[in-house]
1. Checking residue B:75 against (1) within 19 Å of the chain's Cα centre (by Cα); (2) away from every other protein chain (no Cβ under 13 Å), which test does it fail?
2. Among residues belonging to the range A:260-315 that are touching a residue at least 12 places away in the same chain (Cβ under 8 Å) and of a type in the set (Ser, Thr, Tyr), point out the one that is nearest to residue A:109 (Cα to Cα).
3. Anything in the range B:23-56 that is over 20 Å from residue B:286 (Cβ atoms), free of Cβ contacts under 8 Å to residues at least 12 places away in the same chain and not β-branched (Val, Ile, Thr)? List them, or say none.
4. Going residue by residue through the range B:262-285, is there one that turns out to be touching a helix residue (DSSP H, G or I) at 6+ places or on another chain (Cβ under 9 Å), more than 10 Å from chain A (Cβ to nearest Cβ) and aliphatic (A, V, I, L, M)?
5. Would the range B:229-237 turn up any residue that is at pLDDT 85 or above, farther than 22 Å from residue B:46 by Cα and surrounded by 24 or more Cβ atoms within 10 Å (Cβ to Cβ)?
6. Take residue A:27 and decide whether it is farther than 30 Å from residue B:183 by Cα and either modelled with pLDDT of 80 or more or not basic (Lys, Arg) (or both).
7. In the range B:112-138, how many are buried (at least 18 other Cβ atoms within 10 Å of the Cβ), under 22 Å from residue A:32 (Cα atoms), of a type in the set (A, V, I, L, M, F, W, C) and within 13 Å of chain A (Cβ to nearest Cβ)?
Amino acid sequence: MTDLLTPGEQTEPPASTGRRSSSGTLRFVLGKLGGAVISVAFVAALGFLLFRVLPGDPVLTMTRGRPTTPEALAELRLRFGLDDPLWKQFLDYVGGLFRGDFGTSYAYSRPVGEMILERVGPTLLLVGTGTVLAVILGMWIGIRGAWEHGSRFDRTTTSLALTLWSVPTFWLGLLLLMVTGNLFPSGGMVDPSTPKEFLPQLLDIGHHLVLPCITFVAVVYAQYQLVMRSSLLEEMGADYLNTARAKGMREDMVRRKHAVPNAMLPAITLVFLHLGLVVQGAITVETVFSWPGLGLLLYEALSYPDLPLLQGVFTVLAGSVVAMNVVADLLYRVFDPRVRAV
Amino acid sequence: MSQTPSKQTPGALAWARRKEAASRAWKQFRVQRSGLAGLIALGVIAALAILAPVLTDSDQLDVTKVDGPSLGAPSGDYLLGTDENGRSVLLLTWWGARVSLTVGLSAALLSVVIGTVIGVLSAHFGGWVSAVLMRFTDFFLVLPSLVLAIALSTVLDRGLFTIILAIGLTSWPSTARLVRAQTLSVEARPYIERARALGGGHTHVITKHVLPSVLPLVFANTTLAVASAIIAESTLSFLGLGDPTQVTWGSMLKSAASNGAVTTGAWWYLLPPGLGIVAVVLAFTLCGRALETVLNPRLRGER
């Protein structure tokens, strides 16, 4: 939130002077990829550190509040390899990651990797639909608000964005559930009684998707709007806009062809930088609506608490956000000739 | 050394100048209606929260000592109805403000202190210190902070301190970037060079010159950080990671959701804690934005 409201510092300054060359691009890409590998390795190490080193005894954490015997505890310790020296545990863990093996869930006795994999689809569906809608809505409002800077539309939408920004996601979800009553299903993704054919399934999923999607969009769109608005405002006074107007261009063409494309670039970077917020939204929305995605899996893992599962979800969520940011960095270079060729 | 008419010591002179700057900032803040509204709202809420033990009876929060109906609708006895244990929702919301505000303020303070230290150090020392610290900051900036906070509060023992730690340790990177940028611009000014030439060491430059000019911005940033810390606190409590012995707005919403307030339509249980969060977060955000316009030279003239 704080960084959303103070945009500016994040964009990297254009690379130092030098001719555009393919070797420079290659070096840039390799550098970014190298940085990405280091970051993902950091995430993996952090995951290990958090769940094996920090708590005094993971087995005690997991069995907190449940009756156990010393024998059962010793058995658990053996199963998770907790009696091995730390360096061996770490090597086992890293080796497992390379093979796609995230260990075994404590609560469900199933491979964590398998459980994560079956939850990826629903999350992508929810987050994908929600993000597309939020981006369209936010950019549209942001562009119009900035162009009519100070108008009633601008003032109303900015205050609305700030208010929605202050609303906790889960509370909004609960309110929507209460207000709509039986209009929409209260949770899950598909009703088990729905026929297994394609169309009924699709309709049912769509029906289940409405409320989670609205909640997600309501919370996430504000950042796109505010970023787009301030980014376009910075372009508003630019000379090239007056040049375009002097050429006799119509006002909305000036906006569409000249101002918006330039304002879009910082907005794209910031949007990628705030992917963490999207993940955050997914966790709370999925928890409220029992949407069977990664966020709900995280909730199930933390309420048990099932440390191997939690560790797996943590690594996957954090790792993918880090990876997406590298993609954003690379895309930025493709989109913005100023960064590429200065 | 007698240019100053009133023969003040350098320290007193500096304080007088700061006082003047503060009153100038206040004048600029005062004209921003939304910021002022936020400040007034915060004052009222804070006063209510502090005075809660004086104005209300904390016995009514004890499940064993209350006799209200379970999930009762608002009535003359219970203006905002009751929760599943028959406690007054009005009282719970009132007392919940205390914990939510405490956690929000302490977590924001922790995060801002970490961010300021890292930002100032990395800008002041430059070189490899800066490179390492900024790499570290960028890594945490990108990492989804709620996921990290969830992980931290799951593995540590439940309690208020854990929540504060989990939020504070995960939300500092944006402050660090901001402070670093500001420190860099301060240190490029000639008076820092003069201080160095006169023999000022690192400690002198940082505490006497860098910090005083960075702190106003940090203050504005803290106000915004409290807003996000309160949201984070309520989310963590809602997920069941809060201190089970404390009533917070997040934990109230959690028990409301798990005791069927949504399906039975017990709006009096769902609305007050949520509105409390929105009011406080909005007030802090408005204050913070107004402060930023006053104190952040980059934003002056905008908006």
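1. (1)
2. A:304
3. B:23, B:24, B:51, B:53, B:55
4. No - not one qualifying residue is present in the range B:262-285.
5. Let us first name the residues in the range B:229-237 that are at pLDDT 85 or above, namely B:229-237.
Keeping just the survivors that are farther than 22 Å from residue B:46 by Cα gives B:236.
The next check asks that each one be surrounded by 24 or more Cβ atoms within 10 Å (Cβ to Cβ); those that pass are B:236.
Checked against the condition, which is being at pLDDT 85 or above, farther than 22 Å from residue B:46 by Cα and surrounded by 24 or more Cβ atoms within 10 Å (Cβ to Cβ), the range B:229-237 yields at least one hit.
6. Details: farther than 30 Å from residue B:183 by Cα: yes; either modelled with pLDDT of 80 or more or not basic (Lys, Arg) (or both): yes.
For residue A:27, the condition - farther than 30 Å from residue B:183 by Cα and either modelled with pLDDT of 80 or more or not basic (Lys, Arg) (or both) - is met.
7. Of the residues in the range B:112-138, 1 are buried (at least 18 other Cβ atoms within 10 Å of the Cβ), under 22 Å from residue A:32 (Cα atoms), of a type in the set (A, V, I, L, M, F, W, C) and within 13 Å of chain A (Cβ to nearest Cβ).
Yes/no per residue for (1) of a type in the set (Gly, Ala, Ser); (2) within 13 Å of chain B (Cβ to nearest Cβ); (3) part of a loop (DSSP other than H, G, I, E, B):
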{"position": "A:264", "(1), (2), (3)": "no, no, no"}
{"position": "A:267", "(1), (2), (3)": "yes, no, no"}
{"position": "A:287", "(1), (2), (3)": "no, yes, no"}
{"position": "A:296", "(1), (2), (3)": "no, yes, no"}
{"position": "A:301", "(1), (2), (3)": "yes, yes, no"}
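The values are calculated or read from the model by the stated rules, or taken from the named source; none is laboratory data. Remember, predicted model here, so these are calculated numbers, not experimental data. Cβ coordinates were reconstructed from backbone atoms using ideal geometry, including for glycine residues, and neighbour counts include every protein chain displayed.
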